[in-house]
Amino acid sequence: MAAGFKIAEPLEYHRSFLKENCRPDGRELSEFRTTTLNIGSISTADGSALVKVGNTTVMCGIKVELTNPLVEAPGKGFIVPNVDLPPLCSSRFRPGPPGEQAQAASQFIADVIESSEVIQTEDLCIERGKLCWVLYCDMMCVDYDGNVLDACIIALLAALKNTKLPEVTINKDTGAPEVNLEKRKGLNIHKHPVGASFCVFDDSILIVDPTAEEEGLSTSHLTVVTDEKERLCVVHKPGGTPLSAEKLQECIGRATARQREIQKLVDKVIHSVKTAQ
C-alpha cells in the first residue's frame, strides 16, 4: 500500500513524513547521510579520492602537467576542474557532451576553488613567466542519489591533500625542465572548504543533504560553502522560491558544523594512510 502511495503521490508521501519531522529514509530533517572516504584509490593519478554520501558516490582524480603561464599572470599556475555526470550514474543523464547540470557543477567547483583560496595558484609557479603546473581535477559521479555538489567538494579536497608534485629543476645549459619522479612533495592547502546542501519543501520546511527524489520534489535548493575559520566562501542558490534571512542563517550555522565534521574525517583518513605506509 505504502509503495503504491509513494508512486502515485510522491509529494504527499513525503509530506506525511515531514509532518512528523522525519524523512522516508528514517533521517531527521537536519541529519546528513553517512559519509565515507577513501584516498589514493587511483594508482595512475597524482592524487585521488573516492567519497560516498549515502548512495551518492563521486571519484576525483588529479593529473598534473607542466605548462607555460599566461602573459597577464606570469607567476601563477592553473587549476582546471571538471564534473562528469555520465549515464552510468543515473538514467536521468544522457550520453554525449556534458549536460546543463554537469556544466553548472563544474562552474560551481571552479567558483569554490577561487573564492575559498584552497590553493594559491602562485604556489604552482615553478619559474616566473616560463614554467608552471596545471592541475586537472576530474570528478566523476559513479552513483547519483542527490547532493552531488557536497560529494564533489569533499572528493576534491581529499584528492588535493593526497596529491604530490614531482621535483622540477631547470637545466641551466639547455633551459629545459627536468622532472624527478622519485622526489615528490605535497600541495600547500591553505583552506579547507566544505559544502552543505539544503532543499526547501512547500516554501517553508528545510531539509539537509537531499536525496535525488527529495531534490525533484522540493521548491528550492541551496548550497553553502564555509571553511575552517567559519568564513563564508560560496552561497549557491539556482532559482526556486526565496529564503528568509532567518532560514539562511540556519543554513550557514549547519554548514559550519558540517565543515568541522568533514575536515575531521579527511584528516583522520589521511593520517591512517600515512600510518599504514
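The values are calculated or read from the model by the stated rules, or taken from the named source; none is laboratory data. Computed from a prediction, not measured in an experiment: that's the story for all the values here. Glycine also receives a Cβ, built like all others from the backbone with ideal geometry; neighbour counts cover every protein chain displayed. Surface accessibility is based on the protein's heavy atoms, side chains included, excluding ligands, DNA and RNA. Shrake-Rupley method; radii C 1.70, N 1.55, O 1.52, S 1.80 Å.
Per-structure values
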| quantity | calculated |
| --- | --- |
| Residue count, region 1-38 (criterion: open to solvent by 70 Å² or more (accessible area, probe 1.4 Å), at pLDDT 80 or above, out of contact with any Phe, Trp or Tyr (no Cβ under 9 Å at 6 or more places or on another chain) and farther than 26 Å from residue 155 by Cβ) | 3 |
| Top-ranked residue in region 68-81 [being under 22 Å from the mean Cα position of the chain (by Cα) and in a strand (DSSP E or B); ranked as nearest to residue 122 (Cα to Cα)] | 78 |
| Pair list, Cβ under 6 Å, 6 or more apart: region 11-39 residue closer than 21 Å to residue 250 by Cα and in a loop (DSSP other than H, G, I, E, B), other residue of a type in the set (Asp, Glu) and modelled with pLDDT of 90 or more | 32/209; 33/209 |
| In region 213-229, the residues that are of a type outside the set (Gly, Ala, Ser) and either within 27 Å of residue 115 (Cα to Cα) or surrounded by fewer than 16 Cβ atoms within 10 Å (Cβ to Cβ) (or both) | 215, 219, 221, 222, 223, 224, 225, 226, 227, 228, 229 |
| Output for region 83-133, where each listed residue is under 29 Å from residue 190 (Cβ atoms), charged (D, E, K, R) and under 18 Å from the mean Cα position of the chain (by Cα) | 84, 111, 114, 117 |
| Where a residue in region 192-213 is at positive phi and its partner, wherever it lies, is open to solvent by 20 Å² or more (accessible area, probe 1.4 Å) and among the β-branched types (Val, Ile, Thr), with Cβ under 7 Å and at least six apart | 202/219; 203/219; 203/241 |
| Test result for residue 146, in a loop (DSSP other than H, G, I, E, B) and open to solvent by 10 Å² or more (accessible area, probe 1.4 Å) | no |
| Total residues in region 124-143, condition open to solvent by less than 40 Å² (accessible area, probe 1.4 Å) and more than 28 Å from residue 180 (Cβ to Cβ) | 2 |
| Residue 112 vs. criteria open to solvent by less than 20 Å² (accessible area, probe 1.4 Å) and under 22 Å from residue 193 (Cα atoms) | yes |
| Residue within region 57-67 that is surrounded by 15 or more Cβ atoms within 10 Å (Cβ to Cβ) and assigned to a loop (DSSP other than H, G, I, E, B) present | no |
| Unique residue being part of a strand (DSSP E or B) and at pLDDT below 95 when the list is 172, 183, 229 | 183 |
